[in-house]
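J.: The structure is given below, and queries will be raised subsequently.
The values are calculated or read from the model by the stated rules, or taken from the named source; none is laboratory data. It should be emphasised that the depicted structure is a prediction, and the values quoted were computed from it without experimental measurement. Glycine gets a Cβ as well: all are built from the backbone with ideal geometry, and neighbour counts include every protein chain shown. Remember, those area values only see protein heavy atoms, side chains included, never the ligands or the DNA or RNA. Shrake-Rupley method; radii C 1.70, N 1.55, O 1.52, S 1.80 Å.
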Amino acid sequence: PINEENQPHTLIGCFIPEANKMRFLLRNIAYHQHPVCTHTLNALDRTQKELDLLKTDYFELYQYLEPKHILALKWGILFHDIGKIDPQTDHETSGTAIAVKALEYIGYDDQELFNLVSLLVVNHTKVVQLSRTSAYFDQALQSFFEIADRNLIYVILLFICNISDYSSVSESNAHSTKVLRTFFEET
């Protein structure tokens with residue numbers, strides 16, 4: 001629904017006002033097939049599918065994920081592009097601040113959760129970029145390990161965050177995830 005100021009008013013926006021600004025927001029339309037709000041919902045759906053795939057194909061990795069990790073992953077995906085509401089800022093950095101502020105607003109006080117959400121929002125495209133580094137693959141893997149702080153859980157969550165975002169951008173991206181999956185395999 002639209003309010004009297006001709007601005008969208010969403011359910012989540014009642015709790016996190018910045019979410020209202022995502023509604024119908026178009027950014028980088030040459031690359032993104034959907035408005036930010038639709039892309040975000042698609043990415044959340046894709047995240048659950050990737051978690052299900054991980055559970056089926058890599059149960060030995062899935063078993064390390066705790067509920068707080070899943071919460072951080074889904075919260076990170078929910079807010080990965082919210083920084084785009086202000087075109088004057090770096091959306092990864094501003095999105096991180098909004099995501100943490102929203103967690104605090106609804107009552108969370110867990111610095112580890114804040115740090116993990118921040119890691120995911122800031123790096124939601126980094127693994128995709130690194131996976132495209134074909135000339136120096138070993139350096140790309142090294143960079144990924146450094147971003148993930150050599151933490152297996154962070155490696156898993158960063159991969160799922162990146163592939164969920166990437167495959168939700170467009171139909172062609174959804175069908176071209178092999179390089180990213182191979183990169184995760186090598187990692």
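J.: Can you send over the solvent-accessible area of residue 38, 1.4 Å probe, protein chains only, in Å² to the nearest 10?
T.: Approximately 50 Å² for this residue.
J.: Another one. Hey, for a label at residue 141 modelled as a point 7 Å past Cα toward Cβ, could you say which residues of the stretch 166-187 have their backbone N under 16 Å away?
T.: It comes to 179-187, nothing else.
J.: By per-residue mean of other Cβ atoms within 10 Å, what is the highest-first order of 114-123, 136-145?
T.: Order by mean packing, descending: 114-123, 136-145.
J.: What list of ³J(HN,Hα) couplings, whole Hz, do you get for the stretch 147-163 from phi and the Karplus terms 6.51, -1.76, 1.60, once you set θ to phi - 60° and write x for glycine and proline?
T.: Values, residue by residue: 4, 7, 6, 6, 10, 4, 5, 5, 4, 4, 5, 5, 4, 5, 4, 5, 6 Hz.
J.: Taking one equal scatterer on every alpha-carbon of the stretch 102-187, how large is log10 of I(q)/I(0) by Debye at q = 0.13, 0.15, 0.21, 0.25 1/Å?
T.: After summing over all Cα pairs, the log10 values are -0.45, -0.57, -0.96, -1.22.
J.: What percent does the relative contact order of the stretch 43-187 come to when contacts are Cα pairs within less than 8 Å and at least six residues apart?
T.: Computed value for the stretch 43-187: 26 percent relative contact order.
J.: Pop the C-beta distance of residue 133 and residue 176 into the FRET formula with R0 = 22 Å and round what comes out to the nearest 0.05.
T.: 0.85
J.: Which order do the peptides 175-186, 97-108, 53-64 take when ranked by the mean count of other beta-carbon atoms within 10 Å per residue, highest first?
T.: The densest-packed peptide leads the list: 97-108, 175-186, 53-64.
J.: Enter the Cα centre distance for the pair the stretch 139-187 and the stretch 78-93, rounded to the nearest angstrom.
T.: What the calculation gives is 20 Å, centre to centre.
J.: While we're looking at this one, here's another question. Counting pairwise Cα distances across the stretch 41-182, what percent come out greater than 22 angstrom?
T.: Here the tail beyond 22 Å accounts for 37 percent of pairs.
J.: To continue, here is another question. From largest accessible area down, sort 109, 81, 90; use a 1.4 Å probe on the protein chains.
T.: Heavy-atom accessible area, descending, gives 109, 90, 81.
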